[in-house]
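Please find one structure pasted underneath; my questions will follow.
What follows is calculated from the coordinates using simple rules that are stated; it is not laboratory data. Not measured: the values here are computed from a predicted model. Neighbour counts run over all protein chains shown; Cβ positions are idealised from the backbone, glycine included.
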Amino acid sequence: MTHRPEPGEFAPYFGRYVDLAPEADLGYALRPSRLAAFLRDLDPSLGARRYAPDKWTLAGVSQHVIDTERIFAARALRIARGDSTPLPGFDEVALGAAMPQDRPLAALADELDGVRASTVNLFASLSEADLLRLGTVSGHALSARAAGWILAGHERHHVRVIRERYLGT
């Protein structure tokens, strides 16, 4: 599958996520869902844990990863298919306020696996030309392939956050 994106293919903010996925191939960077495997190894009672009173639960962080994956996969699809409509950003705070904070970790892991399988299939179905196509999101260029690399790194970022802040490891 496709090679790593160039800096001009995504907003500088997203470089921190792209950098967390060092693989040379997007297919390897996306498989499997690291968070889903991680959640399956945790005590189910940890899903309700918050590392601070105003922060999402561990289950809520997992739901955020699922929601973000769906949004970025939809962006990648639209860009890859040549939809030149400028796409808006999304308000993670507003989404977070409306998302469930108490779903069972096993259910979240299953959903993550399903969403990730769909994402992998989407990117595998795109040609190199599709993947290199640029669109505009929040006023910045975004290639379809960069959306995939952002997803891979975003998930890894949140696994790290869970380890450090929720579990103290």
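Pairs of alpha-carbon atoms within less than 8 angstrom and 6+ residues apart define the contacts here; what relative contact order does the chain have, in percent?
On the way: 251 pairs, mean separation 69.9, N = 169.
Relative contact order for the chain comes out at 41 percent.
Where a ≥ b ≥ c are the square roots of the eigenvalues of the C-alpha gyration tensor, would you call region 78-151 rounded, which needs a/c under 1.5, or, failing that, prolate if a/b is larger than b/c, or oblate? Provide the component values of the computation, followed by the final result.
Numbers: a/c = 3.41, a/b = 1.44, b/c = 2.36.
Oblate is the answer for region 78-151, as a/c is 1.5 or above yet b/c matches or exceeds a/b.
On a full-extension model of 0.36 nm per residue, what is the gain between Asp110 and Arg81, subtracting their alpha-carbon distance, rounded to one decimal in nm?
Details: separation 29, 0.36 × 29 = 10.44 nm, distance 2.87 nm.
In short, 7.6 nm is gained.
May I ask for the Rg/Rh ratio of region 1-46, computed from Cα atoms with Rh as the Kirkwood radius, given to two decimals? Write out the running numbers ahead of the final one.
Working: Rg = 14.1 Å, Rh = 12.6 Å.
Using only Cα positions, Rg/Rh for region 1-46 is 1.12.
Label Tyr28 and His3 with points 7 Å out from Cα along Cα→Cβ: what is the distance between them in nm?
1.4
Distance from a point 7 Å along Cα→Cβ of Glu128 to each backbone N in region 7-43: keep the residues under 20 Å and list them by number.
From region 7-43, the list is 7-10, 23-30.
Among Glu128, Glu9, Glu92, rank each residue by its count of other Cβ atoms within 10 Å, from fewest to most, as a rough exposure measure. Before the final figure, lay out each step's value.
Values: Glu128 11, Glu9 22, Glu92 14.
Ascending number of Cβ neighbours within 10 Å: Glu128, Glu92, Glu9.
Report the calculated FRET efficiency for Ser118 and Ala52 (r = Cβ-Cβ distance, R0 = 25 Å), to the nearest 0.05. Display every interim value, and only then the final one.
Details: r = 33 Å, r/R0 = 1.31.
Once rounded, the FRET efficiency stands at 0.15.
Something else: When the Karplus curve 6.51 cos²θ - 1.76 cosθ + 1.60 is applied with θ = phi - 60°, which whole-Hz ³J(HN,Hα) does each residue of region 67-80 get, with x for Gly and Pro?
4, 5, 4, 4, 5, 5, 5, 5, 4, 4, 4, 4, 5, 4
In nm², what is the average projected area of the convex hull enclosing the Cα atoms of region 42-101?
Numbers: hull surface 20.3 nm².
So the mean shadow area of the Cα hull is 5.1 nm².
Exposure proxy check: Tyr17, Tyr51 ranked by fewest other beta carbons within 10 Å? Display every interim value, and only then the final one.
Numbers: Tyr17 20, Tyr51 16.
Result, fewest neighbours first: Tyr51, Tyr17.
Along the principal axes of its C-alpha atoms, what lengths does region 1-159 span, in descending order and rounded to whole Å?
46, 29, 23
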